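Chemist: Below is a structure I'd like to ask you about.
The values are calculated or read from the model by the stated rules, or taken from the named source; none is laboratory data. What you are looking at is a predicted structure, and each value in this text was computed from that prediction instead of being measured. Cβ: placed from backbone, ideal geometry, glycine included. Neighbour counts: every protein chain shown. What goes into the accessible areas is simple: the full protein's heavy atoms, side chains included, and nothing from ligands, DNA or RNA. Shrake-Rupley method; radii C 1.70, N 1.55, O 1.52, S 1.80 Å.
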Amino acid sequence: MHEVSLAEEILEIVESASRNTPFTRVKTLTLGVGDLAGVEPQALEFALKHMSQGTLLDGALIQLI
């Protein structure tokens, strides 16, 4: 599933950002998903919520616009 790979990359980006600008939690993650991106927004949100357990994104509000 393409969205699982995207979710993995997003989690890596968040972890990397926390090393450059220290933070311990993400409250809201807003992502723009264009019509031509070939991404199923519901599948991406599902993958992010399940894969984020125990990470900086755990419990974050995920907004896909």
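Chemist: With a 1.4 Å probe and every protein chain kept in, tell me what percent of the accessible surface of the chain is carbon plus sulfur.
Modeler: Answer for the chain: carbon and sulfur cover 55 percent of the accessible area.
Chemist: Please state the shape class of the chain: rounded when a/c is under 1.5, otherwise prolate if a/b exceeds b/c and oblate if not, all from the C-alpha gyration tensor.
Modeler: prolate
Chemist: Below 13 angstrom from the Cβ of P41, what's the summed charge of the other residues (Lys, Arg +1; Asp, Glu -1)?
Modeler: Every neighbour counted, the sum reads -3.
Chemist: Measure nothing fancy, just the Cα-based angle from helix 41-51's long axis to the longest principal axis of the chain, in degrees from 0 to 90, nearest 10.
Modeler: Result, in degrees: 30.
Chemist: For L56, what charge total do you get from the other residues with a beta carbon under 15 Å from its beta carbon, if Lys and Arg give +1 and Asp and Glu give -1?
Modeler: Computed value for this residue: -1.
Chemist: Report, by chain and number, residues whose modeled amide H sits under 5 Å from the one on L29, excluding near sequence neighbours (fewer than 5 apart, same chain).
Modeler: Amide H neighbours of L29, under 5 Å, 5+ apart: L61, I62, Q63.
Chemist: Using the heavy atoms of the protein chains alone and a 1.4 angstrom probe, what is the accessible area of the chain per residue in square angstrom?
Modeler: Spelled out: the 1.4 Å probe surface of the chain, per residue, equals 69 Å².
Chemist: Grab the DSSP H runs of the chain that are 4 residues or longer, score each as -39,500 (n - 2.57), total them, divide by all residues and round the 222 nm result to the nearest 500 deg cm²/dmol.
Modeler: Taken over the chain, the calculation gives -15000 deg cm²/dmol.
Chemist: Enter the angle in degrees (range 0 to 90, nearest 10) between the Cα long axis of helix 2-20 and the first principal axis of the Cα atoms of the chain, meaning the one along which they spread out most.
Modeler: 20
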